[in-house]
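J.: Here you go, one structure.
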Amino acid sequence: MKLTILGGGGFRVPLVYGALLRDGGGPGVEEVVLHDLSEQRLAAVGHVLSGLAAGHAAPPRVRVTTDLNDALRDAAFVFSAIRVGGLAGRTADERVALDLGLLGQETVGPGGVAYGLRTVPVALRVAERVAAVAPRAWVINFTNPAGMITEAMQRILGERVVGICDSPVGLIRRAAHALGVDPARTAPDYVGLNHLGWLRGLSYQGRDVLPDLIADDAALKRVEEARLFGTEWVRTLGALPNEYLYYYYFTREAVAAIGGAPQTRGEALQRQQERFYADVLADPGFALEKWRRTREERDASYMAETRDTAQAGERERADLDAGGYEGVALALMGALGRGATATMILNVRNGSAVPGLPPEAVVEVPCAVDAGGVRPLATRPLPGLFLGLVQQVKAVEQLTIEAAVTGSASTALQAFATHPLVDSVTAARLLLDGYRSRVPELAATLGPR
């Protein structure tokens, strides 16, 4: 079986290959094809994967290519992890908003709209090539903004593209551990959009144990999200929010923390990764060691400003070691490929799973997965406190997709102005002008200023 990874020169690709090695090659994966536009990045990641494979009897062979059709042809699974505009685009996503006193973040707020505007056209071209040369492949989408990009790609690939994120899995794992129960034996009531969802219940042995957690001060403080939001606000909500909801519930604090830092996360990662790739190419024999050291630094700095502001403390070592996207992706691939039934939280077409949202909207909910595909499970209606925010952000996502598909600057302006974290139409106009002037890929989508 052939697994193709788009964005194969990306820093996190070794996590996927390492998970494959631990899983004995996953569901029959014999070949991993890495596709990227940069030969240098592919070469560097190839050195890291060689280090990971050392000592394994029959690791999946690795091949690299810059030819998209070659990468996709006859693939059974495609992991899409592309970053249009690179980290330079991400730093612009952050800085243009921050310079206007607005949230500067990769996927949430105006930065997420800008990221989507330049990424949707590329994702659609990828989907067209998948449909042409690997029509039976399953596409597992890592590319952010994950829900928006998955929804765009579904216009071409339908149900054969599924979005994934590790935030809900991590939240559920932390909640279960705080209660002293096995996460694998729980059934979560989780609902929302990518980077905008809530854990409203956690069933264990036929009983919802989440109220026990929310009522227990000591147990609740063992959950990173509860420390981030504060136990009082968690109890007010009656649910555990996804960590990214911090940007909505504590917008002032987030903007002050990110804007007051000496560099944004995008700027920090850009410097860190430029150094990593250069070091590996200069000294390939130490590629794996350099990657592991850089990964540890990267993981420790995740959402660091907001954790510091909220006094949430350091990330738990055990939680970092538990893994993220790669585990979700391989579990999904395994369920689809092996046929064993699994329940997973995924980004899929809504249908009627979440009342109050359009049927074509991609939502993040528990799904039943087997060899026949992925089916969202029905959820309880969202209360108005949650539903209004979900509906507004989903409207922004759909406006962004439409603007990217049509090249309409006026629709893009509407997307910015509709976002709950953009406080005026004037600010939306300034955002649009700023992104068009700083991000060539976005200007190519909408035309110059």
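J.: Would you mind checking which residues have amide H under 5 Å from R63's amide H? H placed 1.01 Å from N; only 5 or more apart, or other chain.
T.: V32, V33, L34
J.: Now for a separate question. Over the chain, what is the percentage of antiparallel beta bridges among all DSSP beta bridges, to the nearest 5?
T.: Counting DSSP beta bridges with both partners in the chain, the antiparallel share is about 55 percent.
J.: How high is the relative contact order of segment 345-392, in percent, counting Cα pairs under 8 Å that sit 6 or more residues apart?
T.: 35
J.: So, one more: Might you report the magnitude of the Cβ-based charge dipole of segment 98-245 about its Cα centre, with Lys and Arg at +1 and Asp and Glu at -1, to the nearest 20 debye?
T.: Dipole size: approximately 480 debye.
J.: Please report the relative contact order for segment 168-249, taking Cα pairs under 8 Å with a sequence separation of at least 6, and give it as a percent rounded to a whole number.
T.: Rounded, it is 29 percent for segment 168-249.
J.: Something else about it: At a Förster distance of 51 Å, what's the computed FRET efficiency of A58 paired with Q392, Cβ-Cβ distance as r, to 0.05?
T.: After rounding to 0.05, the efficiency reads 0.50.
J.: Moving on to the next point. In percent, what relative contact order does the chain have, based on Cα pairs under 8 Å that are 6 or more apart in sequence?
T.: Relative contact order for the chain comes out at 18 percent.
J.: For segment 421-428, what does the Karplus curve 6.51 cos²θ - 1.76 cosθ + 1.60, with θ = phi - 60°, yield as ³J(HN,Hα) per residue in whole Hz, taken in order and with x for Gly and Pro?
T.: After applying 6.51 cos²θ - 1.76 cosθ + 1.60, I find 9, 10, 9, 6, 5, 4, 4, 4 Hz.
J.: What residue among G373, G285, G197 shows peak mean-square fluctuation when the chain is described by a Gaussian network model with Cα springs under 10 Å?
T.: G285
J.: Around T379, what is the net charge, scoring Lys/Arg as +1 and Asp/Glu as -1 over all other residues with Cβ under 15 Å from its Cβ?
T.: +2
J.: If R0 is 41 Å, what FRET efficiency do you get for L385 and A340 from their C-beta distance, rounded to 0.05?
T.: So, using R0 = 41 Å, E works out to roughly 0.65.
J.: With unit charges on the beta carbon (Lys/Arg positive, Asp/Glu negative), name the residue among A54, P366, V130 whose Cα is farthest towards the positive pole of the charge dipole of the chain.
T.: V130
J.: Next up: Most mobile of A371, A92, A428 per a Gaussian network model of the chain (Cα springs, under 10 Å)?
T.: Result: A371 has the largest fluctuation of those listed.
J.: With unit charges on the beta carbons (Lys and Arg positive, Asp and Glu negative) and the dipole taken about the Cα centre of segment 168-249, which residue among Q205, A226, N242 sits farthest to the positive side?
T.: Checked the options; the winner is Q205.
J.: Pick from L179, L196, L72 the residue whose mean-square fluctuation is largest in a GNM of the chain, springs joining Cα atoms under 10 Å.
T.: Highest fluctuation of the listed residues: L179.
J.: Using alpha carbons only, how many angstrom separate the centre of segment 323-347 from the centre of segment 415-431?
T.: Cα centroid of segment 323-347 versus Cα centroid of segment 415-431: 37 Å apart.
J.: For the residue pair D70 and R136, what label-to-label distance in nm results when each label sits 7 Å from Cα along the Cα-to-beta-carbon direction?
T.: Calculated label separation equals 2.4 nm.
J.: Non-local amide H neighbours of R83 (under 5 Å, H modeled in plane, Pro and chain starts lacking H): which ones?
T.: none
J.: If you place +1 on the Cβ of every Lys and Arg, -1 on the Cβ of every Asp and Glu, and leave all else neutral, what size is the dipole of segment 2-163 about its Cα centre, to the nearest 20 Debye?
T.: The dipole of segment 2-163 has a size of about 120 debye.
J.: What residue among A417, Y277, T65 has its Cα farthest toward the positive end of the dipole of the chain, where the charges are +1 on Lys, Arg and -1 on Asp, Glu, each on the Cβ?
T.: Going by the Cα projections, it comes out as T65.
J.: Note down the nm distance, to one decimal, between modelled labels 7 Å out along Cα→Cβ at Q272 and at S424.
T.: Modelled inter-label distance: 3.6 nm.
J.: Continuing with this model, one more query. What size of dipole, in debye to the nearest 20, comes out for the chain about its Cα centre when the only charges are +1 on Lys and Arg C-beta atoms and -1 on Asp and Glu C-beta atoms?
T.: About 500 debye.
J.: Could you tell me the extents of segment 168-249's C-alpha atoms along the three principal axes, largest first, rounded to whole Å?
T.: Dimensions of segment 168-249 along the principal axes of its Cα atoms: 34, 27, 18 Å.
Quick note: the coordinates plus some simple rules give every number you see, no bench work behind them. Owing to the predicted nature of the structure, the values given are computational and were not obtained by experimental measurement. We place every Cβ from the backbone using ideal geometry, glycine too, and count neighbours over all the protein chains shown.
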